[in-house]
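There's a structure below that I have some questions on.
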Amino acid sequence: MNKLAIGRLSPRLALKECIKDIWVFESNGGLAEDEMQIIAPNGSVKLILYYEGHVAAVRTGGHSFLMPRHRLFVAGVSDCPTIADFNRGKPFGCISIELNPAAAYRLLAVPQHELRNVIVPFGELIGTLAASMLEERMYLASSPAHKAVLLQEYLTGALTRTERDTTFEHGAAAIMNAHGLISMAALSHETGRSDRWLRAKFAERLGISPKTFASIVRFQSSFQALLRDKRGFLQSRHFNDRYYDQAHFIKEFKRFIGHSPARYTTLQNEVGEIIYV
């Protein structure tokens, strides 16, 4: 395999509205020492399992979290860059199930703001015994695809025990459909709810405010465009249709990546970019 390879699995039919993507990351080692491993926020909660490799440490929101092999973890929604840290010189394998921003509340029965910028063992959410049984079955599974199937079986059951919040989901969809370019006044008009209601509901269901979510969605639109043309994006000023001015764009970019756009284009960040390019 290449130094870093990625596979994509299809979610089962019952979960297609809830799961954005299922990724399998594998490396045979030999990643460059200057690989930054920066993961930009995208409004999604992630369920992560390392099935090969040494203990991984992840830094987000000023905190570090250890993620041992064969343990299932939940990475809550983030509003800051996340730094993965694993041994670049040795093989590793990881499954990441990325949930749709408006769906995590239906699969994880906890107020989502409690998970913001933190990574917690799955057992803290569903109980230690239930998590241990699931992790044992995933450990014995013969392939990453089989491991993902077992986790989806659990999530399908969790989905049947929750009810949809259609007003919240409509608000989240409005932000995504507008690529983040929607005012809070317009969102309030779209949903028929007050600004205060929206802020409380988004904190509970998504983990961040609607304004922050809109900022992340808008940033992701620019970030992915930059990755497609690192040299030409800044020169052509394609960000002009998303931000007030260049200073606003740079400020938001540094907020979510940790570096200015010009500095970022000189860095190697294959781990954080591979799902976009």
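Please give me the summed charge of the neighbours of THR212: other residues whose Cβ is under 13 Å from its Cβ, Lys and Arg +1, Asp and Glu -1. Walk me through the intermediate numbers first.
On the way: positive: ARG116, ARG199, LYS211, ARG218, ARG255; negative: ASP79, GLU252.
For residues surrounding THR212, the net value is +3.
Roughly what % of Cα-Cα distances in segment 5-97 sit above 15 Å, to the whole percent?
63
Rolling a 1.4 angstrom probe over the protein heavy atoms, how many square angstrom per residue are accessible across segment 1-124?
Here the residues of segment 1-124 average 41 Å² of exposed surface.
Okay, next question. Evaluate the Debye formula for the chain with equal point scatterers sitting on the alpha carbons, no solvent, and hand back log10 of I(q)/I(0) at q = 0.07 Å⁻¹, in q order, two decimals.
After summing over all Cα pairs, the log10 values are -0.25.
Which entries of LYS16/LYS147; LYS147/LYS254; LYS16/LYS251 show an alpha-carbon separation above 25 angstrom in the structure shown?
LYS147/LYS254; LYS16/LYS251
Sticking with this one: Rounded to the nearest angstrom and ordered from largest down, what semi-axes does the equivalent ellipsoid of segment 1-46 get from its C-alpha gyration tensor (root of 5λ)?
Gyration-tensor ellipsoid for segment 1-46: 27, 15, 5 Å.
Moving on. Under the classification rounded if a/c is under 1.5, otherwise prolate if a/b is larger than b/c and oblate if not, where does segment 133-265 fall, given a ≥ b ≥ c as square roots of the Cα gyration tensor eigenvalues?
Because a/c hits 1.5 or more and a/b fails to exceed b/c, segment 133-265 counts as oblate.
Right, here's the next one. So what's the net charge close to ARG106: Lys and Arg +1, Asp and Glu -1, counting the other residues with Cβ under 11 Å from its Cβ?
Here the charged neighbours net out to -1.
Considering only protein heavy atoms, what per residue accessible area in square angstrom results for segment 145-277 with a 1.4 angstrom probe?
On the way: 6800 Å² over 133 residues.
Accessible area per residue, segment 145-277: 51 Å².
Another question, then. Specify the inter-centroid distance of segment 196-216 and segment 121-172, based on alpha-carbon positions, in whole Å.
Going from one Cα centre to the other spans 24 Å.
So, one more: Would you work out what percent of the accessible area of segment 1-124, with all protein chains in place, is carbon or sulfur (probe 1.4 Å)? Walk me through the numbers before you get to the answer.
Details: 2580 of 5110 Å².
The computed percentage sits at 50.
Using +1 on the beta carbon of Lys and Arg, -1 on that of Asp and Glu, and nothing else charged, what's the dipole of segment 1-120 about the Cα centre, debye to 20?
So the magnitude is around 320 debye.
Let me check I've understood the local charge: for ASP79, count other residues with C-beta under 10 angstrom from its C-beta, Lys and Arg +1, Asp and Glu -1. What total comes out?
That works out to +2.
Which sequence of ARG199, ARG161, ARG218, ARG116 reflects their accessible areas, 1.4 Å probe, from the largest down?
Numbers: ARG199 120, ARG161 160, ARG218 35, ARG116 95 Å².
The ranking, largest first, comes out as ARG161, ARG199, ARG116, ARG218.
Tell me the GluC sites (Glu not before Pro) within segment 1-77 that lie in a loop according to DSSP and have at most 16 other beta-carbon atoms within 10 Å. Working shown, then result.
Numbers: sites: GLU17, GLU26, GLU33, GLU35, GLU52; in loops: GLU17, GLU33.
In loop regions of segment 1-77 (DSSP not H, G, I, E or B), the sparsely surrounded GluC sites (Glu not before Pro) are GLU17, GLU33.
About the Cα centre of segment 78-190, what is the dipole size in debye to 20, counting +1 per Lys and Arg Cβ and -1 per Asp and Glu Cβ, all else neutral?
Computed charge dipole of segment 78-190: roughly 320 debye.
According to a simple spin-label model (label point 7 Å from Cα along Cα-to-Cβ), what is the distance in nm between MET184 and ARG69?
4.7
Given a cut-off of under 8 Å on Cα pairs at least six residues apart, what relative contact order in percent is computed for the chain?
The value is 21 percent.
If you don't mind, another one. Kindly report, to the nearest 10 Å², the accessible surface of HIS146 as traced by a 1.4 Å probe over protein heavy atoms only.
Answer for HIS146: close to 80 Å² accessible.
Using the crude model of +1 on Lys and Arg Cβ and -1 on Asp and Glu Cβ, and no other charge, please compute the dipole size for the chain relative to its Cα centre, in debye to 20.
Magnitude of the dipole: close to 340 debye.
DSSP H helices in the chain with Cα extent of 24 Å or more along the helix axis and mean Kyte-Doolittle hydropathy at least -0.5?
Once both thresholds are applied, what remains is 210-228.
Under a crude label model (7 Å from the Cα following the beta-carbon direction), how far is ILE274 from ARG8 in nanometres?
1.4
Report the one residue of GLY93, HIS63, LEU47 whose Cα lies farthest in the direction of the positive end of the charge dipole of the chain (charges on C-beta: Lys and Arg +1, Asp and Glu -1; origin at the Cα centre).
My answer, from the dipole projection, is HIS63.
Pick out which of LEU151, LEU140, LEU181 has the largest mean-square fluctuation in a Gaussian network model of the chain, springs linking Cα atoms closer than 10 Å.
So, out of LEU151, LEU140, LEU181, the one fluctuating most is LEU140.
The values are calculated or read from the model by the stated rules, or taken from the named source; none is laboratory data. Predicted model only: the values in this text are computed from it and were never measured. Because the Cβ atoms are built from the backbone with ideal geometry, glycine has one as well, and the counts that use them run over all protein chains shown. Surface areas here come from the heavy atoms of the whole protein model, side chains and all, with no ligands, DNA or RNA. Shrake-Rupley method; radii C 1.70, N 1.55, O 1.52, S 1.80 Å.
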